[in-house]
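The values are calculated or read from the model by the stated rules, or taken from the named source; none is laboratory data. Just so it is clear, the model here is predicted, and its values are computed rather than measured. Cβ sites come from the backbone with ideal geometry, for glycine too, and all protein chains shown count toward neighbours. Remember, those area values only see protein heavy atoms, side chains included, never the ligands or the DNA or RNA. Shrake-Rupley method; radii C 1.70, N 1.55, O 1.52, S 1.80 Å.
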Amino acid sequence: MCLLIADDDAAQAVLLHATLTRAGFENITCLQQPQRVLETVEKLEPDLLLLNLTRPPLDSFTVMAELQVFIPEMSYLPVLVFINDDHESTRQRALASGVHDFLKKPFDSSEVILRVRNLLRSQLFYKQLQSANAQLEQMVAKRTKQLEQTHLEMLTRLARVAE
């Protein structure tokens, strides 16, 4: 699975990357330019976005607002945000902005790994559900076509009988 780390603090990004690499995650991209988050999300289509942006004008909340407009309504991109303070208002703002989970800095490595695994598991379930829905839609379309053909055939036979 593809992970995207968007962090304007190089040392923090390296630490987070190393933590995830040690945990067995391989496909990790680090990004230190907040203004490139949207284009990178579009290009990479990551399975999880880890945001740690603190410098204005593009902090994590601003990027989340842009992502809400950018990400199609029917898609799912779990986002884990690192927050500096643990005030209730900050947590509520994070959740209201579309964040799926958050961690207070400094972070505990084992907690990061567990939360990343949980979010990736939810992403995997989402992808499986999308795949099952696509298969069901194909089956419904196929059955609808068969029913239409049967209906047309029945009408044709009734017309012959009437003649």
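Points to keep in mind about this one:
- The residue that is nearest to G24 (Cα to Cα), among those in segment 107-125 that are open to solvent by less than 50 Å² (accessible area, probe 1.4 Å) and of a type in the set (S, T, Y), is S109.
- Considering only residues in segment 79-106 that are part of a loop (DSSP other than H, G, I, E, B) and within 13 Å of L51 (Cα to Cα), the one that is modelled with the highest pLDDT turns out to be H100.
- Applying the criterion of being open to solvent by less than 60 Å² (accessible area, probe 1.4 Å) and either basic (K, R) or in a helix (DSSP H, G or I) (or both) to the residues of segment 45-64, the residue that is nearest to K105 (Cα to Cα) is S60.
- If you go through segment 65-106 and keep only what is touching a Lys or Arg at 6+ places or on another chain (Cβ under 8 Å), surrounded by 14 or more Cβ atoms within 10 Å (Cβ to Cβ) and farther than 26 Å from S131 by Cα, you end up with F82, I83, F102, L103.
Per-residue answers, yes or no, for (1) part of a loop (DSSP other than H, G, I, E, B); (2) at pLDDT 85 or above; (3) not small (G, A, S):
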{"residue": "A6", "(1), (2), (3)": "no, yes, no"}
{"residue": "A18", "(1), (2), (3)": "no, yes, no"}
{"residue": "I28", "(1), (2), (3)": "no, yes, yes"}
{"residue": "P72", "(1), (2), (3)": "yes, no, yes"}
{"residue": "L77", "(1), (2), (3)": "yes, yes, yes"}
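- Qualifying residue in segment 25-34 (condition: free of Cβ contacts under 8 Å to residues at least 24 places away in the same chain and of a type in the set (S, T, Y)): no
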